[in-house]
Amino acid sequence: MSSKVTADAIQGEGPVSAINVTPLVDVMLCLLIIFMVSTPMMAPKQPHKIAVPKAKAQAIAQEQFLLATVSVDAKGDVFMGTVALSRDPATMANELSSNARLKQDGVAFIQGDSNIEFSRIVEVLVALRTAGVSKVGFLTDPKVPPRT
């Protein structure tokens, strides 16, 4: 078995030693299209669920709770301890600024009903800021399970 050198091999018609990348590009483009089409199908259909971190804090003294807590009920009425405040944010700010304890400490706590609109809480925050309160905390009920 002797190997013969043919005229075709001498003239360059033999096997090509370079890699043909066209099939590789075709396969990669097909995979890209498949992933682009299938990715939206894998996305969750529900809105994002956010797990709020649980925090442990010291209990607030009853006196401090009554004197520095602004409560908002389900109807949007605002109370400072047990005293009802005005629904108007500007008048509420004046009523809050007359509280000596808030002026002295500069700390207040907001306790809102779980069904209250956030815009009402923002109005209370603005009134507290206008009254000179620099630190605001939010009170929650640790015994209530989170809503699903």
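The values are calculated or read from the model by the stated rules, or taken from the named source; none is laboratory data. Owing to the predicted nature of the structure, the values given are computational and were not obtained by experimental measurement. So basically every Cβ, Gly included, is an ideal-geometry build from the backbone, and we count neighbours across all protein chains shown.
Numerical summary
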| quantity | calculated |
| --- | --- |
| ALA57 vs. criteria at pLDDT 60 or above and within 30 Å of VAL124 (Cα to Cα) | yes |
| Close pairs from the range 68-92: first surrounded by 20 or more Cβ atoms within 10 Å (Cβ to Cβ) and among the small types (Gly, Ala, Ser), partner modelled with pLDDT of 85 or more and part of a loop (DSSP other than H, G, I, E, B), Cβ under 6 Å, at least 6 apart | none |
| Residue that is modelled with the lowest pLDDT, among those in the range 81-101 that are hydrophobic (A, V, I, L, M, F, W, C) and assigned to a helix (DSSP H, G or I) | ALA100 |
| Enumeration of residues in the range 102-141 that are of a type in the set (A, V, I, L, M) and assigned to a strand (DSSP E or B) | VAL107, ALA108, ILE110, VAL136 |
